[in-house]
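So the structure is just underneath, and the comments pick up after that.
Here, each number is a calculation from the coordinates, and none is a lab measurement. Here the structure is a predicted model, which means the values were calculated and not measured.
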Amino acid sequence: MINNLCSQAYKTAKSKGWHNEPRETGTLLALIHSEVSEALEADRKGDQENFVEELADVCIRIFDLCGSKKIDLEKAILEKMNRNKERSYRHGGKKY
Ligand SMILES: [Mg+2]
């Protein structure tokens, strides 16, 4: 399911001309970060509808990156979630 979303996000971005040239990973990560910042601003304004939309943008950008780089995000998420279950309480006493 998640890998299908990655494929769809990449195909849509490609069809809109965003992958005519190879894109650097750093650029794609910066774009993900920009969507996180937009979500922060929406939350600061108390705009819940826009906040949720920006969270979706974050995911879509991540899906596009993974689709373009042929990353198996679904497998990575499942493996990491299982590893997280084994971590200590507050990851060994971290403050946050
Ligand atoms: Mg946005």
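Here is how the number arises for the chain: DSSP H runs of 4 or more residues each give -39500 (n - 2.57), the sum is divided by the residue count, and the result at 222 nm is -24500 deg cm²/dmol.
Taking the chain as the region of interest, the number of lysine pairs whose Cα atoms are within less than 29 Å, with members eight or more places apart or on different chains, is 22. Once C-alpha pairs closer than 8 Å and six or more residues apart are averaged by separation and normalised to the residue number of the chain, the relative contact order reads 39 percent.
Please sort through the DSSP H helices of the chain and keep those with an alpha-carbon extent of at least 24 Å along the long axis and a Kyte-Doolittle average not below -0.5.
On the way: long enough: 25-44 (29 Å, 0.21); 48-68 (30 Å, 0.34).
Qualifying helices, which must be both long enough and hydrophobic enough, are 25-44, 48-68.
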